[in-house]
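Notes to accompany the following structure.
The values are calculated or read from the model by the stated rules, or taken from the named source; none is laboratory data. Worth saying up front: this structure is predicted, and the values here are computed from it rather than measured. For neighbour counting, all protein chains shown are included, and Cβ atoms are generated from backbone atoms with ideal geometry for every residue, glycine included. To get the accessible areas, we keep the full protein, side chains included, count just its heavy atoms, and leave off ligands, DNA and RNA. Shrake-Rupley method; radii C 1.70, N 1.55, O 1.52, S 1.80 Å.
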Amino acid sequence: MTSQLWVLIGNGVLETLQMTVSATILAYLIGLPIGIALVVTAKEHILQNRIVNLVLGVLMNIFRSIPFLILLVVLIPFTRFVTGSSIGTTATIVPLTVGAIPIVARMVESSLKEVPSGIVEAAQSMGASPISIIFRFIIPEAMPSLLLGATINLATVLGYSAMAGCIGGGGLGAIALNYGYYRYQQDILFITVAILIIIVQVFQESGTLLANKKRHS
Amino acid sequence: MSEQTAIFRLNHVTKLFQTKNSTVRAVDDVSFDIRQGEIFGIIGMSGAGKSTLVRMLNRLEEATDGEVIFDGKNLGNLSNKQLRTIRMSMAMIFQSFNLLMQKTVLANVMLPMKIAHVPHKEQKERALQMLKVVGLEDKASAWPAQLSGGQRQRVAIARALAMNPKVLLCDEATSSLDPKITEEILALLKDINQKLNLTIVIITHEMSVVEKICDRVAIISDGKLAEIGEVKEVFTSPKTEAARHLILPVEKELNLFDTTDRRCIRIVFDGRAASDPLIANLVADTGVKVNILCADTKTVGGVGFGQMIVELPKDEDAANLVINYIKEKGVNFHEIERKGDKI
Ligand SMILES: Nc1ncnc2c1ncn2[C@@H]1O[C@H](COP(=O)(O)OP(=O)(O)OP(=O)(O)O)[C@@H](O)[C@H]1O
Ligand SMILES: [Mg+2]
């Protein structure tokens, strides 16, 4: 293989990481508040609100049930509106984010729900406001679980980003498709897949390590 | 400060829970006072409504009816913000401790002060001071997971004391601890009560807890207040079945004897009468033999008191002789209702 190809792959790795990390961060910016809202508006919780809970829940379910490949296509006009283009690395971040939001929200919801109700009760008995209860009690207690969830989300978004490569996204997915599939360059296909596996491994291991380091029970 | 000042006043407090196909009367028209500086016990069988009642004291549970007055303020009239402020002066500890497992002991104790926006330096100083009070100053940087149950409850107590509250509410705070550790925690609570003149409300289903540290006790049965009074008073002469059931569990053991078609009485001795050899004298003076089915002694409020269940002779006249003899001696007793009757 030529050094040119290595540069190509190197760029692919960078693009993939860029897409994955930015989309995951963006998805958390929106999905984390939604996940929190899903928990605290639930029945018997600190900000119980049936309507908000129902609307958010249904919305998340709808978005989650659309296959990602279809979401990619459906979102093309929206992506073009936001980024001015529908192909390339930056453009791909949009559908990745949209696709990841419901997954993040549900993952956050399930992590926060693991916190025993006694903690919330103790917080209330201390005179904590809902905001304090969320940020000083529930989230710190759920942190190890939230970190593990984030790791899984990162790996999921990484997989999606490779898929996005098929319809004009950049990154390793596009390389694998263009070189490995259309031009029958098996070695490139192999290398890109291997790199994807390594990246997922690194994400997963460091996430687990971090979560365990944070966990004290 | 007068001992008689009421810090809590409950006026006809009722709590209904609506479930799918029924309404549960968890607390039913309960009225009583809790006095400033006392250790007040609330005891009842499982499901009697104790937890619901104590949770109404800091409005974790809204009263369906009636009012809870704390320190002169009707809790039901407070805005959320006022309620949060007032909760800072009424701390609570729980059966399951409810410590944050992902925070150190010190951070746990600092938490109530953090919420109240106490300056950080002061938070830390006060937290360390409170850990000292509960005897855990060396565990400040430990994680709750590294502590035993008794130690965790001590941390919870330190956390509860952090904001210098007026009352400490304890919902089954010792129920998951073994007897020895329970003793230690109760001794600590008593100590805090005396040193800080802190009013303590203790919810329990264990009579021994009330015996050991409470000044007064309320007995809750089926959501209703069955009896209330000085612990010694309620102990030596329980007036309701609910109270007897909780206080004198020997009655339950009576079933084990499965003796008896004979009449039985329970004799309750206070400190004075206990030193008198009543039964020996009875037999000597009347010549009637009685059978002691079981006996039990305990110390309540520093006074030893005992109780004894005595089977009367089959012969009616002899039985009445015994009863009259005991009556004459001025000893507290009452006849036990027959099996099949509700004991
Ligand atoms: N949130 C709720 N919804 C419906 N019913 C409830 C609720 N909380 C309590 N109850 C009912 O109210 C009654 C009193 O419950 P509570 O927890 O106060 O009893 P308790 O005396 O504390 O019992 P235990 O000793 O078992 O803790 C019970 O019948 C219980 O089933
Ligand atoms: Mg209870």
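In the protein assembly as shown, with Lys and Arg counted as +1 and Asp and Glu as -1 at Cβ, which of these residues, B:Ser148, A:Pro140, A:Ile191, has the Cα nearest the positive end of the dipole, that is, farthest along it?
Going by the charge dipole, the pick is A:Ile191.
Evaluate peptide A:110-119: per residue, the Cβ atoms of other protein chains within 10 Å of its Cβ; return the mean as an integer. Present the calculation step by step, with values, prior to reporting the outcome.
Numbers: counts 0, 0, 0, 0, 0, 3, 3, 2, 6, 5.
If you average over the peptide's residues, the count of other-chain Cβ atoms is 2.
Return the single residue from B:Asp296, B:Asp138, B:Asp29 with maximal mean-square fluctuation; model: Gaussian network over chain B, springs between Cα atoms under 10 Å.
B:Asp138
Note every residue of the stretch B:85-109 with a reduction of at least 20 square angstrom in accessible area, all protein chains present versus the isolated chain, computed with a 1.4 Å probe, or write none.
Buried by the other chains: B:Arg87, B:Met88, B:Phe94, B:Asn98, B:Leu100, B:Met101, B:Gln102, B:Lys103.
What is the total of Lys pairs in the stretch B:1-148 with C-alpha atoms under 18 Å apart, excluding same-chain pairs fewer than 8 positions apart?
For the stretch B:1-148, the number of qualifying lysine pairs is 11.
Once Lys and Arg get +1 and Asp and Glu get -1 on their Cβ, which of A:Ile152, A:Ser3, A:Tyr181 lies farthest toward the positive end of the dipole of chain A?
Ranked along the dipole, the leading option is A:Ile152.
Could you report the accessible area of B:Lys124 in Å², rounded to 10, computed with a 1.4 Å probe on the protein chains as they sit in the structure?
Here the accessible area works out near 90 Å².
Using unit Cβ charges (K, R positive; D, E negative) and no other charged atoms, how large, in debye to the nearest 20, is the dipole of the protein assembly as shown about its Cα centre?
1920 debye
For a quick check, take a GNM of chain B with Cα springs below 10 Å and name the residue from B:Ala156, B:Ala145, B:Ala226 with the largest mean-square fluctuation.
The residue that fluctuates most here is B:Ala145.
How far apart, in nanometres, would the label points at A:Thr83 and B:Lys327 be if each is projected 7 angstrom from Cα along the Cα-to-Cβ direction?
It works out to 9.8 nm between the two label points.
Taking only C-alpha pairs under 8 Å that are 6+ residues apart, what is the relative contact order of chain A in percent?
26 percent
To the nearest 100 Å², how much accessible surface do chains A and B cover up together, summed over both, with a 1.4 Å probe? Walk me through the numbers on the way to the answer.
Working: alone 11810 and 16630 Å², together 26480 Å².
What A and B bury together is about 2000 Å².
The stretch B:156-173: which residues show an accessible-area loss of 20 Å² or more, assembly versus chain alone, 1.4 Å probe?
For the stretch B:156-173, once contacts with the other chains are taken into account, B:Arg159 lose 20 Å² or more.
Tell me the angle of helix A:3-40 to the major Cα principal axis of chain A, expressed in degrees between 0 and 90 and rounded to the nearest ten.
20 degrees
So the label point goes 7 Å from the Cα of A:Val74 along Cα→C-beta, right? Which residues of the stretch A:32-58 then have their backbone N under 17 Å from it?
Only A:56-58 pass the distance filter.
With a 1.4 Å probe on protein heavy atoms only, tell me which residues of the stretch B:55-73 lose at least 40 Å² of accessible surface in the complex relative to the chain by itself.
Buried by the other chains: B:Leu60.
Would you look at the GNM of chain A, springs on alpha carbons closer than 10 Å, and say which of A:Ile51, A:Ile188, A:Ile134 moves the most?
A:Ile51
Using a probe radius of 1.4 Å on heavy atoms only, what accessible surface per residue do you get for chain B? Whole Å² is fine.
46 Å²
Positive end of the dipole of chain B, charges at C-beta (+1 Lys, Arg; -1 Asp, Glu), about the Cα centre: which of B:Met90, B:Val322, B:Ala127 has its Cα farthest in that direction?
B:Ala127
Provide the per residue accessible area, probe 1.4 Å, for the stretch A:3-215, rounded to a whole number of square angstrom.
Details: 10490 Å² over 213 residues.
Accessible surface, normalised per residue, equals 49 Å².
Roll a 1.4 angstrom probe over the protein heavy atoms and tell me the percent of accessible area of chain B that is carbon or sulfur.
Exposed carbon and sulfur together represent 48 percent of the surface.
Using a 1.4 angstrom probe on heavy atoms only, work out the carbon and sulfur share of the accessible area of chain A in %.
That fraction is 68 percent.
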